[in-house]
Amino acid sequence: MIGKITGIVMVLLFCFATTLIAQKSPIPNPILTADSLATGNYKDVLNSFFQLAFDRLTSPDKTLKFTGTPFAVIAKLDTVLLVDTIYKKYRTLRNLNYSFGLRLDSSYRFNGFSAGLKYAIINKRDETVQNAFVKTVLSNAAVKQLFALNNQMVAKIPAMPNPWPLMQEYSNFTMGLISFGALSKPLQDTMLAFAGSSDSTRALFETLMQTPDFNMKRTTDSLYQDMKMNFNKNALWTVGVTDTTLKNQYVFANVVFHTEFIKSINKYSKTKNDLELNIRSQLQLVDDTLKAGRDLGRAVFNFEPGINWVLNTKSIRKSYLELKFSGGYYHLFNRVYANEEQNQLWLNGTIRIRIFNDIWVPFEVKYDPRNGNLFGFINVRANFRALAGAAKQLYK
Amino acid sequence: MAKSVKKAIPKRKPQAHLSLQPGSNATTKPTNHTNMPKLTTTSLVAESAPHSLQVSITFTFTGGIGQATSLLFRNGVLINMQSISSSGNIRFSEVQSGDSISVNGVCTGHAVIVIDTPTVPVSPQQFAAGIILTGYLIQ
């Protein structure tokens with residue numbers, strides 16, 4: 001009991017510490033990053049920096065798992081790797097995840113160790129290196145209008161009386177420090193005259209006329225995030241292998257080969273919430289205890305297709321709750337032990353709740369419809385995103 | 001028709017147009033800010049002057065890729081335009097005080113723009129992942 005309370009207190013302290021550290025950041029971070037916008041399910045499939053997971057907190061077999069990418073570690077040590085010309089060359093390393101896990105018993109004592117590797121064969125979600133994404137942004141009609149407006153303003157301001165303060169004021173506007181309504185009249189008039197001069201910029205003209213608190217930075221961020229969110233709905237396919245060694249067992253006693261595929265199925269729809277197809281499959285090789293000696297002669301196949309329903313907030317479309325429904329099929333290739341079945345069907349449900357920006361609490365439920373068994377697990381996942389911070393450090 | 005063009009060319013005074021400086025006496029004429037300036041072949045040429053300088057704009061994209069286009073304006077007329085699709089420099093020659101530079105682009109990670117001459121606003125300017133939209137007035 002004391003152990004459980006200690007565990008929960010540790011998790012809560014960790015959560016608050018993460019928040020406090022984030023609040024101490026000297027650079028305001030109004031921009032949502034890919035990690036903070038990504039669904040919890042996506043970050044579970046492939047992590048882009050570090051993830052610390054406390055799995056099965058209420059189960060006798062708890063797991064403390066650390067997942068990371070080698071590139072994140074290397075880039076943290078040598079930030080020059082983040083410069084685009086070098087960054088692009090490390091795509092393979094960024095698509096690789098490694099993990100280490102400690103298994104703990106009900107008294108939080110060491111009960112085993114796990115290690116694994118995962119590689120993304122198809123990763124169309126990494127917009128940071130996709131030229132296609134850059135082209136999508138640059139060819140967006142609204143973005144083109146804003147570029148044209150910017151060119152027009154920068155061309156006109158030098159010819160206005162007192163151009164220096166006007167240029168500083170315009171810069172404050174583009175950086176989002178002041179809204180359209182707070183601009184001086186010559187700047188407002190010039191913008192309106194340009195926006196009203198063509199049918200192609202009519203929407204911009206009407207927005208400026210009707211919205212005095214129009215904020216350029218918020219507008220461009222919103223456009224960018226919308227396009228990024230659509231891009232993050234592309235396909236991701238990973239393959240990997242994990243080994244778990246329980247206490248008093250030999251190494252490679254429980255080897256799992258796994259693969260997972262996720263892809264959004266409503267990419268271009270205007271709906272607020274998303275639907276994500278999630279298919280996972282694994283082949284588990286374990287020791288056949290009925291045979292003498294050590295072997296990996298017992299094979300269990302598992303296939304789990306599911307749908308993840310992502311509920312996003314209205315304005316910034318950031319997921320705050322995810323509901324995943326899946327079916328599970330298990331097949332034993334070898335002899336069946338007593339009280340075991342050759343084939344099993346399960347119904348699974350996972351509720352993921354975001355409690356902080358990068359901390360998710362997934363609650364898993366498994367139901368065996370044939371025998372009426374119900375199991376539940378509660379986990380905590382903390383995703384760390386420090387690449388952006390490292391990039392900022394380059395220029396401090 | 002061809003003759004009329006030939007006759008029109010010597011009558012032009014491109015230097016007068018390009019030498020206009022903000023705040024100078026030449027700007028006493030009332031100007032209509034809402035009309036686009038006329039773009040001619042001569043106005044696209046940056047005229048050399050004793051106070052002209054070469055300006056270098058350095059783009060550094062980190063944690064992702066980026067693209068940017070810089071446009072150099074003099075008296076509202078576009079006189080040079082260059083694009084960049086990875087970290088590096090854009091160089092504008094014959095830049096004068098009062099010229100303005102607009103920068104449009106996108107970065108998927110983090111971007112820093114540094115201009116090697118005094119400008120308003122001051123550089124370097126940093127941009128988080130998103131659309132880059134800014135402008136500078138050469139001091």
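The values are calculated or read from the model by the stated rules, or taken from the named source; none is laboratory data. A quick note: this is a predicted structure, and the numbers were derived from the prediction, not measured. For neighbour counting, all protein chains shown are included, and Cβ atoms are generated from backbone atoms with ideal geometry for every residue, glycine included. All accessible areas refer to the heavy atoms of the entire protein, side chains included, with ligands and DNA or RNA removed. Shrake-Rupley method; radii C 1.70, N 1.55, O 1.52, S 1.80 Å.
Some observations on this one:
- Members of region A:72-86 that are modelled with pLDDT of 85 or more and open to solvent by less than 20 Å² (accessible area, probe 1.4 Å): A:Leu81, A:Leu82, A:Asp84
- Failed item, numbered, when A:Arg94 is tested on (1) more than 23 Å from B:Thr60 (Cα to Cα); (2) free of Cβ contacts under 8 Å to residues at least 60 places away in the same chain; (3) buried (at least 19 other Cβ atoms within 10 Å of the Cβ): (1)
- Flag if B:Gly105 is within 22 Å of A:Gln168 (Cα to Cα) and more than 7 Å from chain A (Cβ to nearest Cβ): yes
Yes/no matrix, rows are residues, columns are (1) of a type in the set (D, E, K, R); (2) open to solvent by 60 Å² or more (accessible area, probe 1.4 Å):
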{"position": "A:Asn302", "(1), (2)": "no, no"}
{"position": "A:Phe325", "(1), (2)": "no, yes"}
{"position": "A:Leu345", "(1), (2)": "no, yes"}
{"position": "A:Asp358", "(1), (2)": "yes, no"}
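- B:Gly66 meets the conditions (1) over 12 Å from the mean Cα position of the chain (by Cα); (2) more than 7 Å from chain A (Cβ to nearest Cβ); (3) under 21 Å from A:Leu149 (Cβ atoms) in every case but one. The failed one is (2).
- If you go through region A:266-311 and keep only what is in contact with a strand residue (DSSP E or B) (Cβ under 7 Å, 6 or more places away or on another chain) and of a type in the set (Val, Ile, Thr), you end up with A:Ile279, A:Val286, A:Val300, A:Ile307, A:Val310.
- Within the set A:Glu127, A:Glu169, A:Glu206, the sole residue that is more than 30 Å from A:Ile262 (Cα to Cα) and open to solvent by less than 60 Å² (accessible area, probe 1.4 Å) turns out to be A:Glu169.
- Where a residue in region B:115-129 is facing chain A (nearest Cβ under 8 Å) and its partner, wherever it lies, is surrounded by fewer than 18 Cβ atoms within 10 Å (Cβ to Cβ), with Cβ under 6 Å and at least six apart: B:Val120/A:Trp164; B:Val120/A:Gln168; B:Pro121/A:Gln168; B:Pro124/B:Val114; B:Ala128/A:Ile31
- Every residue from region A:79-109 that is closer than 16 Å to A:Leu52 by Cα and more than 21 Å from the chain's Cα centre (by Cα): A:Leu102, A:Arg103, A:Leu104
- Here region B:50-77 is the region considered, the condition is being of a type in the set (S, T, N, Q) and part of a strand (DSSP E or B), and the residue that is most open to solvent (accessible area, probe 1.4 Å) is B:Gln54.
- Condition met for B:Gly88 (open to solvent by less than 10 Å² (accessible area, probe 1.4 Å) and over 16 Å from A:Thr174 (Cα atoms)): no
- Within region B:91-139, if we keep just the residues that are small (Gly, Ala, Ser) and part of a loop (DSSP other than H, G, I, E, B), the residue that is most open to solvent (accessible area, probe 1.4 Å) turns out to be B:Ser97.
- Residue ID - farthest from the chain's Cα centre (by Cα), chosen from residues in region A:312-365 that are in a strand (DSSP E or B) and among the polar types (S, T, N, Q): A:Asn343
- Single residue of A:Leu285, A:Leu296 found to be within 24 Å of A:Lys118 (Cβ to Cβ) and part of a loop (DSSP other than H, G, I, E, B): A:Leu296
- Residues in region A:190-218 that are of a type in the set (Ser, Thr, Tyr) and in contact (Cβ under 8 Å) with a residue 24 or more places away in the chain: A:Thr190, A:Ser200, A:Thr201, A:Thr211.
Listed here are the residues, each with its yes/no results for (1) at pLDDT 90 or above; (2) within 14 Å of chain B (Cβ to nearest Cβ); (3) open to solvent by 20 Å² or more (accessible area, probe 1.4 Å).
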| position | (1), (2), (3) |
| --- | --- |
| A:Phe214 | yes, yes, no |
| A:Thr219 | yes, yes, yes |
| A:Val241 | yes, no, yes |
| A:Tyr268 | no, no, yes |
| A:Ile279 | yes, no, yes |
| A:Val286 | no, no, yes |
